[in-house]
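The structure appears right after this line, and notes come after that.
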Amino acid sequence: SQKYNGFVFITAPASVKPGSTVIAHVYVPTGSPPIVVTLYALDGSWAWSAGAYPSLNPGSWIAVKYTIPATLKGPIREMGVMLIGSSNATPFTGVIYIDSVNVQN
């Protein structure tokens, strides 16, 4: 829901640095309520930075791309995916797939 965002995150590998581009593929099943997604990073001082917030199209895969700003302080401590539901929709409790996460330096 919009009140309780969903997160999936990892401790960022050493290869992820300011300036790296992260691409993740996300799928939400047909019949899901409106959901937006963003990729984010927490830098060496735990400052938050996130990419665009595209809407997921239920029943289709979407490639979400985020370039970590070169101005963030390394090392990147955490990177992840945040999912946000619509404030008007019933909270979603189904399965959302995240696949093929790639980092380009």
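Remarks
- Base-10 log of normalised Debye intensity for the chain (one unit scatterer per alpha-carbon) at q = 0.13, 0.23, 0.24 Å⁻¹: -0.46, -1.18, -1.24
- A run of the chain free of exposed loop cleavage sites, with chymotrypsin sites (Phe, Trp or Tyr not before Pro) counted only in DSSP states other than H, G, I, E and B and at most 14 other beta carbons within 10 Å, reaches its longest extent at 47-105.
- Distance between the pseudo-spin-label points of Trp48 and Ile10 (7 Å out from Cα toward the beta carbon): 2.2 nm.
- Among Gly59, Gly44, Gly31, residue whose mean-square fluctuation peaks in a GNM of the chain (springs only between Cα atoms under 10 Å): Gly31
Each value in this text was obtained by applying a stated rule to the coordinates, not by laboratory testing. Small disclaimer: the values here were computed from a predicted structure and weren't measured. Every residue, glycine among them, receives a Cβ derived from its backbone with ideal geometry; neighbour counts consider all protein chains shown.
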